[in-house]
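**Student:** Handing you this structure, nothing more for now.
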Protein chains: 2
Amino acid sequence: MLKLTKKADYGLMALKYLAEHPETPALSAKDVADAYGIPAQLLAKILQLLTRNGLLRSHAGMNGGYELARDAREISAYEVIHAIDGPFFITSCTKGDKNCDLTPSCTIKEPLARVNDTIAGVLKSISIQDLTEHEQPAGRAAEANRLVTLTL
Amino acid sequence: MLKLTKKADYGLMALKYLAEHPETPALSAKDVADAYGIPAQLLAKILQLLTRNGLLRSHAGMNGGYELARDAREISAYEVIHAIDGPFFITSCTKGDKNCDLTPSCTIKEPLARVNDTIAGVLKSISIQDLTEHEQPAGRAAEANRLVTLTL
DNA sequence: TCAGTATACGACCGATTCTGTCGGCATTTC
DNA sequence: GAAATGCCGACAGAATCGGTCGTATACTGA
C-alpha cells in the first residue's frame, strides 16, 4: 500500500536518465531500458504516456527518441506519477469520484483528503533535477530543506 | 498507486469510531462493522491485527469487544497503517530489503527514500483524535497547521 | 524509393495482491 | 453449558499490475 507502481518508478528513472544526458539530442526507449535493465517495450509505453502528457518530446525515425519537454527543474515527480498512474488519491473513495460507497458518508475521508493534499504537495515540490543530485558531499552543504504544511 | 488499502481504511474508521464512543466499555467487531457497513469478518481480522500490535485491547466473551489501548491522541495513523499493512515503503525496492534488483544500483531510490520518510512523518503526526475532529466550524478556528520538513 | 530504425497503440495473459468468506477453536459471561 | 465474542489459518474470487506481442505509422539516410 501507498506504494509507487513500477511503471512510475521506471518513468522517474527514465526522466532522471534523460536529465543526466542533456548533450545527446534524443535517447531511444531502448537506450534507457538497457541502461537500467528495464523491459524495453514496457518502458516504451511509459515514455509514450509521458509524451502524451507533455513531459517529453518524441521523435520517430533513425536517431530518434525522447527528450525532456522542459527543463528538469520544471518537471515535478507529481506530474510524472500523475501522467503514468492517473489521478492521485490515497483513499479509494475520494470525493473526486462518486461519493463513498460505504454507508454513512464515511467521515474519515475528509481528514485523509488533507493528508492526500499534503503528500501531493511533497511530490510537487520535487523536480527531476532534484533526483539527479543524489551524491551528497559529506558536509551536506547541498541539501535543501522544504517545509510542507499540513492543515488538519 | 500510493493508495491506502481498504483494510487500512477500515482500521482507521474503526479506531475513529471507538474514539468517538469512549463511554461504552467495549464495542464488538460486529458493532463497528454494522455502523459502517463493513464486512464483519474482515473487520474482525483487522481489529485482531491492531490488538496484536498493541493499539487495541480485546475482551472475549459476552459483552466483550475492543477498546483503545491508549488515548486517541497517542495513536497515530502511521501506527495503524503499519500494523495492518506492514512496513511502509513507497518504492518496491527500498534499501531495507535486499538491494534493488534492477541492475545499476538504481540511484532514484535514495531521493525517494527521503520522500518516503516525509510521508511517514506526515502520517505519524496525525492521531486518531485528529480524525474525529472532522466538523470544522466555518471560522476554521480549530484548525491546526503542522510543518513537515522534507530534506532533499 | 527503399530499408532500417524508431515511436504509437491496442489486445492480451500471467502473476501478484487485495478483499472477503468459511470453518474451527478458545475465552468469557450468564 | 449455552451464547456471545475474540482468535486464527486457509482459501477463493476479483482487481490490479507487469510485461509481451503484433501491427501500424513516422522519420532518416543512402
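The values are calculated or read from the model by the stated rules, or taken from the named source; none is laboratory data. Given the structure is predicted, the values throughout are model-derived calculations rather than measurements. So basically every Cβ, Gly included, is an ideal-geometry build from the backbone, and we count neighbours across all protein chains shown. We work out accessible area using only protein heavy atoms, side chains counted, and drop any ligands, DNA or RNA first. Shrake-Rupley method; radii C 1.70, N 1.55, O 1.52, S 1.80 Å.
**Student:** Go over the candidates A:Leu42, A:Leu4 one by one and state the one that is in contact with a Ser or Thr (Cβ under 9 Å, 6 or more places away or on another chain), within 13 Å of DNA strand C (Cβ to nearest atom) and within 14 Å of chain B (Cβ to nearest Cβ).
**Tutor:** A:Leu4
**Student:** Right, something else. Any idea which residue in segment A:126-152 is modelled with the lowest pLDDT, counting only those that are crowded, with 19+ Cβ neighbours inside 10 Å and within 7 Å of another protein chain (Cβ to nearest Cβ)?
**Tutor:** A:Leu152
To keep it simple, each residue is scored yes or no on (1) touching a helix residue (DSSP H, G or I) at 6+ places or on another chain (Cβ under 9 Å); (2) aromatic (Phe, Trp, Tyr); (3) modelled with pLDDT of 95 or more.
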| residue | (1), (2), (3) |
| --- | --- |
| B:Ala40 | yes, no, yes |
| B:Ala72 | yes, no, yes |
| B:Gly86 | no, no, no |
| B:Thr91 | yes, no, no |
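**Student:** For B:Leu56, all conditions in the list (1) modelled with pLDDT under 95; (2) away from DNA strand C (no atom under 12 Å from the Cβ); (3) closer than 13 Å to B:Gly11 by Cα hold save one; what is the number of the exception?
**Tutor:** Of everything listed in (1) modelled with pLDDT under 95; (2) away from DNA strand C (no atom under 12 Å from the Cβ); (3) closer than 13 Å to B:Gly11 by Cα, B:Leu56 misses just condition (1).
**Student:** Same structure again: Restricting the search to segment B:43-66, which residues are touching a strand residue (DSSP E or B) at 6+ places or on another chain (Cβ under 6 Å) and surrounded by 18 or more Cβ atoms within 10 Å (Cβ to Cβ)?
**Tutor:** B:Leu47, B:Leu50, B:Leu56, B:Gly65, B:Tyr66, listed by residue number.
**Student:** Restricting attention to segment A:67-92, and to residues there that are surrounded by 18 or more Cβ atoms within 10 Å (Cβ to Cβ), within 16 Å of DNA strand C (Cβ to nearest atom) and in a loop (DSSP other than H, G, I, E, B), which single residue is farthest from the chain's Cα centre (by Cα)?
**Tutor:** A:Thr91
**Student:** Mind listing whichever residues of segment B:1-30 are within 10 Å of the chain's Cα centre (by Cα) and either at positive phi or open to solvent by 40 Å² or more (accessible area, probe 1.4 Å) (or both)?
**Tutor:** Within segment B:1-30, B:Lys7 is the sole residue that qualifies.
**Student:** Right, another one. Is there any pair linking a residue in segment A:21-36 that is part of a loop (DSSP other than H, G, I, E, B) to one that is modelled with pLDDT under 95 and open to solvent by less than 70 Å² (accessible area, probe 1.4 Å), with Cβ under 9 Å and at least six apart or on different chains, and which?
**Tutor:** Every condition considered, no pair remains.
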